[in-house]
Every structure is written in C-alpha cells, then in structure tokens.
Amino acid sequence: MRVLVTGIRGLVGHHTYLTCTQSTRWEILGTGRSPLPNLPYPYHPADLTHPDEVASLIRWAKPDAVAHIAAMTLVDACQENPPLCWENNVTATRNLIDALTTYAPKAHFVFVSTDFVFDGFVPKEYRYKENDLPAPLSVYGASKLAAEWLVRQYPGPWAIVRTSLVYGTAPHLSRDNIYLRVRQALLNGRDYALFTDQWRTPTWAHDLAEGIRLILAKGAEGLFHIAGPEIESPYTFGQKMAQVLGVTPELIRPLTAEDFRQTAPRPPHSSLSIEKAQRLLGYAPHDTVEAIRSIHDQWA
C-alpha cells in the first residue's frame with residue numbers, strides 16, 4: 001500500500017512515518033511545503049493551498065491512502081489571522097479532496113482534527129464522544145470543524161481523527177509543544193506556570209500515530225477519537241513531568257484563565273472518550289507517566 005503523509009516533517013507526521021515503517025511493508029511517501037534533501041522516504045514538496053501543486057502531488061504519489069496531518073495549529077495565531085488559518089486548514093483540505101476525487105478516487109482519506117471543535121462546557125469528568133455536538137469557541141476550532149465537513153463529502157472512504165494536546169519529540173521540529181517547553185524549563189531549574197482550569201486528554205504523538213496506523217490497516221471509516229487515556233490539566237501534566245525528570249514539582253506553578261488571558265478562547269474541558277477506538281481498532285495508548293518516561297528514556 002502506498003501511503004502519502006502530509007506534514008511528514010512535523011511531530012505527528014514523523015511518528016506516523018516511524019510507526020508505519022516499523023509495523024508494515026507499506027511504501028510511505030511524504031510531503032511538506034519546502035524541498036528537503038536526503039530524506040529516507042520519497043518526498044514531493046507542495047503548497048497544499050495551491051490546487052495545481054496538490055494535483056501534481058497526487059499524480060506523483062498515486063496513493064492508496066492519505067494521512068492528512070499538515071495544518072496551522074497555533075491557536076492564537078489562527079485567532080489573529082483567520083484568513084490564513086482558513087487557507088491552511090480548510091482550503092488545503094478541499095484541494096486534497098478535489099485532487100483525490102479526480103486522480104485517486106478510491107484512496108482512503110484520513111484527516112486529523114482536534115478536541116477544540118467542542119466548547120468544553122461539560123462536567124470535568126465528562127469525555128466527549130464522537131456523536132456529541134461540536135461547538136467551537138475559536139477560529140482554529142471552527143476551521144477544523146469546517147474541514148471535517150468537507151471530508152464527509154469525499155466520495156471515497158474517509159476517516160476523521162480527533163485528538164487532544166499532542167506532545168513528544170521529533171527531529172527538526174518547527175514548533176514546540178508542552179513536553180518540550182516544560183522539559184527545557186525544568187532541566188534548567190526554572191519554574192513554569194501551567195493552567196489548572198483547562199482539562200484535556202494529553203496524547204503522546206507515538207500513540208496518535210499508532211491510532212492512525214490502525215485506521216489505515218483496518219480500512220476503518222467514520223469518526224474516531226484518538227487521544228490519551230487520562231484526563232489531565234496542563235498543571236497535573238507538568239507535575240508528572242517533574243516526577244519523571246526527578247525535579248521538585250514546586251517548579252510547576254498554578255495558573256488560571258483569570259491570571260492570564262489567551263488571545264483565543266479555549267474550551268475549559270475538552271477531554272475525549274477513546275472507547276470507540278479501543279473497541280473497534282484495538283487502540284491502547286500509554287498512560288501519562290508511561291509516555292513521559294518513554295520519551296525521557298529515548299532522549300537519554
């Protein structure tokens with residue numbers, strides 16, 4: 001099977017490549033915005049916001065499946081520049097769907113979305129299910145929900161993967177994540193403030209990649225929540241990081257939305273239920289401490 005991975009040089013794209021190559025004999029092909037030399041997989045640069053470049057990409061790849069991971073995910077930047085966010089998250093998805101419909105209409109299209117399609121006004125222990133009603137608060141969440149609706153119109157087989165607070169490491173990352181930010185601060189003896197009043201199901205990039213692989217391997221269709229198994233606030237996540245790194249948890253300082261106003265509104269509680277993925281896919285993510293320890297051991 002030929003699998004095209006968009007955003008393959010990003011955190012999730014990198015782990016999707018590793019997971020698929022370690023577990024399958026699929027041919028993995030990558031794409032990103034910039035030309036890159038000396039990669040271990042066939043690679044074709046393309047700006048996904050340009051339909052002609054996307055058509056050329058799909059003609060080159062001849063994919064049996066596409067994992068569409070590339071996106072503009074900086075929530076505050078999306079809020080500050082909605083047209084750019086829409087172009088990268090909605091227009092790019094439409095261009096891929098149009099090109100696949102023309103050149104590879106039987107390709108399995110797997111789209112990575114977000115827990116931010118929900119407003120988060122639910123009890124703290126509630127976990128959103130796939131059939132719960134979306135109501136995004138931010139431009140970013142709205143753009144991903146709009147892209148989801150485009151995916152639903154794709155005439156070929158499709159799957160939508162919603163995930164939450166993805167973290168981990170990969171080479172040559174163009175942006176950081178909660179794990180990298182907190183790790184750098186703690187190992188340098190600096191304190192770090194994290195929110196106590198936002199609740200997520202943090203997801204190790206390796207686990208998300210494995211969920212994507214399972215969907216591709218099973219030809220699964222429909223909507224799946226692929227996230228971590230535990231509800232955490234950024235604050236409790238940071239405390240668990242301190243535990244694994246062997247530093248005092250007092251370096252993690254509590255912060256609330258009243259203390260620090262972010263540009264884009266965030267859902268206060270957007271934890272995802274992974275019961276469907278566990279039941280239908282055999283998805284089995286690591287708990288938070290296990291995942292952090294695995295990353296730390298690999299780093300060491």
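For the pair Leu36 and Lys129, a Förster radius of 51 Å applied to the C-beta separation gives a FRET efficiency near 0.85, rounded to the nearest 0.05.
Calculate how steeply helix 51-61 sits against the longest principal axis of the alpha-carbon atoms of the chain, using the helix alpha-carbon long axis, and give the answer as 0 to 90 degrees to the nearest 10. With both axes taken from Cα atoms, the answer is about 80 degrees. Absence of a disulfide-compatible partner, taken as no other cysteine beta carbon within less than 4.7 angstrom, is noted in the chain for Cys20.
Taken about its Cα centre, the chain carries a charge dipole of roughly 580 debye when the Cβ of each Lys and Arg holds +1 and the Cβ of each Asp and Glu holds -1. To the nearest 10 degrees, how steep is helix 288-299 against the longest Cα principal axis of the chain, on a 0 to 90 scale? So the inclination is approximately 70 degrees. Filter the cross-link list Lys106/Lys129; Lys106/Lys276; Lys129/Lys240; Lys106/Lys218; Lys62/Lys276 down to pairs whose alpha-carbon distance in this structure exceeds 22 Å. The answer is Lys106/Lys129; Lys106/Lys276; Lys129/Lys240; Lys62/Lys276.
Placing dummy labels 7 Å off each Cα toward the beta-carbon, the span from Arg175 to Thr102 is 2.9 nm.
In whole percent, what relative contact order does the stretch 159-261 give with Cα contacts below 8 Å and a gap of six or more residues? Answer for the stretch 159-261 is 39 percent. Packing here is the average count of other Cβ atoms within 10 Å per residue, and on that basis the peptides 258-265, 274-281, highest first, run 274-281, 258-265. Here the stretch 27-141 is treated with +1 on each Lys and Arg Cβ and -1 on each Asp and Glu Cβ, and its dipole about the Cα centre works out to around 300 debye.
The modelled label-to-label distance between Trp299 and Glu221, using points 7 Å beyond Cα along the C-beta direction, is 4.2 nm. Note on semi-axes √(5λ) of the Cα gyration tensor in Å: of the candidates (i) 37, 24, 17; (ii) 31, 21, 19; (iii) 30, 26, 15, the value calculated from this structure sits at (ii). Near Arg2, the amide H atoms lying under 5 Å from its own belong to Glu27, Asp64, Ala65; only residues 5 or more places off or on other chains count, and H is placed 1.01 Å from N. A dipole drawn for the chain from +1 and -1 charges on Cβ atoms has a positive end, and of Ile252, Tyr192, Ile160 the residue lying farthest that way is Ile160. For the chain, the longest principal axis of the alpha carbon atoms and the long axis of helix 234-245 meet at an angle near 80°. Which FRET efficiency, nearest 0.05, do Leu187 and Asp52 yield, Cβ-Cβ r, R0 51 Å? Calculated value: 0.65.
With a Förster radius of 30 Å applied to the beta-carbon distance between Glu290 and Leu84, the computed FRET efficiency rounds to 0.20. Per-residue ellipticity at 222 nm, computed for the chain from helices alone with -39500 (n - 2.57) per DSSP H run of at least four residues, works out to -11500 deg cm²/dmol. Taking packing as the residue-averaged number of other Cβ atoms within 10 angstrom, the listed peptides 233-241, 288-296, 208-216, 247-255 run from highest to lowest as 208-216, 233-241, 288-296, 247-255. Sequence-distant contacts, meaning Cα pairs under 8 Å at least 6 residues apart, place the relative contact order of the chain at 20 percent.
No value in this document is a laboratory result; all are computed from the given coordinates. Computed from a prediction, not measured in an experiment: that's the story for all the values here. Because the Cβ atoms are built from the backbone with ideal geometry, glycine has one as well, and the counts that use them run over all protein chains shown.
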